[in-house]
Amino acid sequence: MKIATYNVNGINARLPRLLEWLDEQKPDIVCLQELKADGERIPEKAMAEAGYGAVWHGQKGFNGVAILAREAEPREFGRGLPGDPEDEQSRYIEAEIGDVIVASIYLPNGNPQPGPKFDYKLQWMERLLARAEELFALERPVVLAGDYNVIPTDEDTHSVDAMKNDALTQPESRAAFRRLAAMGWTDAIRARFPSGKIWTYWDYQAGAWQRDAGFRIDHLMLSPVAADRLCAAGVDKEYRGREKASDHTPVWIELAEA
DNA sequence: ATGGCGCCTCCGAGGCGA
């Protein structure tokens, strides 16, 4: 079972790229982020025609997440991250597909820091950790996949110096991310590739793609039962170089059947 | 230091991202 995460940066602007990737790579489960669409603007029909059932948590203009399942209907397991009824940003959805529980995560960027956006990021991470505790306790295969907006270590960016004041590298952001690992969640890419520079995002600006100046911020975190089934992982890097690409590229894992 | 690029909304330009 192939499970992928892809920050599309506008699902309508990215529709040809998304359909092409689904057709070429045939992922079984896909976590999408940054739909930047809601209601009628969600291309539900195009996804169905491509053979994917879906659960959506859209938002007009910004944010928006979804989970797709190939030749299946995902069962919604949760919508919105618990812990703040005032939070109206669409950044989190969960679904069950077969015996696997998947969450699609669009963690707040948090820039500029310090400031209210950074505070929101850290509070959101606390809520994510609380939800992760609950999912962990189920002792089931669970995959928390998405755009975490955290560069976990200095090895995960092309330039430590350029990012030293960025919300993505701050000690508080990294400490909260590390608590997932401390709880028992496995960073799938690092489990398969313990060292080396692996990017999942390249800025549109300043020739970042051409210079291969990226970061690793899209992660798939696996519960112990899921980690036991991990048999492959990778980054579909070439899609970042295609016409009208997102600034992120898909990241995927392969889990053995139960 | 700033803006660079691209997407969004709803019409010329500003907000937002990372």
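Please list 3J(HN,Hα) in residue order for the stretch A:101-114, calculated via the Karplus relation 6.51 cos²θ - 1.76 cosθ + 1.60 where θ = phi - 60°; whole Hz, with x for glycine and proline.
9, 10, 10, 9, 10, 10, 6, x, 5, x, 8, x, 10, x
Please give the net charge around A:L255, taking every other residue with its beta carbon less than 11 angstrom from that of A:L255, where Lys and Arg add +1 and Asp and Glu add -1.
That works out to -3.
At a Förster radius of 51 Å, what calculated FRET efficiency corresponds to the Cβ-Cβ distance of A:Q205 and A:A258, to the nearest 0.05?
Using R0 = 51 Å, I get an efficiency of 0.70.
List the relative contact order of the stretch A:143-258 as a percent without decimals, with contacts defined as Cα pairs under 8 Å and 6+ residues apart.
30
How much net charge surrounds A:A4 when only the other residues with a Cβ under 9 Å from the Cβ of A:A4 are counted, with Lys and Arg +1 and Asp and Glu -1?
-1
Fewest Cβ neighbours within 10 Å first, please rank A:Y120, A:Y148, A:Y239, A:Y52 accordingly.
A:Y120, A:Y239, A:Y52, A:Y148
Once you've got the Cα coordinates, tell me which of A:K2/A:K26; A:K117/A:K244; A:K117/A:K164; A:K26/A:K197; A:K197/A:K237 are over 19 Å apart.
Result: A:K117/A:K244; A:K26/A:K197 exceed 19 Å.
Can you give the net charge of the other residues whose Cβ lies under 9 Å from the Cβ of A:D28, counting K and R as +1 and D and E as -1?
Spelling it out: positives minus negatives among the neighbours equals +2.
May I ask for the distance between the Cα centers of the stretch A:106-120 and the stretch A:38-74, given as a whole number of Å?
Between the Cα centre of the stretch A:106-120 and that of the stretch A:38-74, the gap is 27 Å.
Could you work out the relative contact order of chain A? I mean the mean sequence separation of Cα pairs under 8 Å and 6+ apart, divided by the number of residues, in percent.
19
If you put +1 on each Lys and Arg Cβ and -1 on each Asp and Glu Cβ, how big is the dipole of the stretch A:24-103 around its Cα centre, in Debye rounded to 20?
Approximately 220 debye in magnitude.
Throughout, read-outs are computed from the coordinates displayed, never taken from laboratory work. This is a predicted model, so every value here is computed, not measured. Here Cβ is always computed from backbone atoms with ideal geometry, including for glycine, and neighbour counts include all displayed protein chains.
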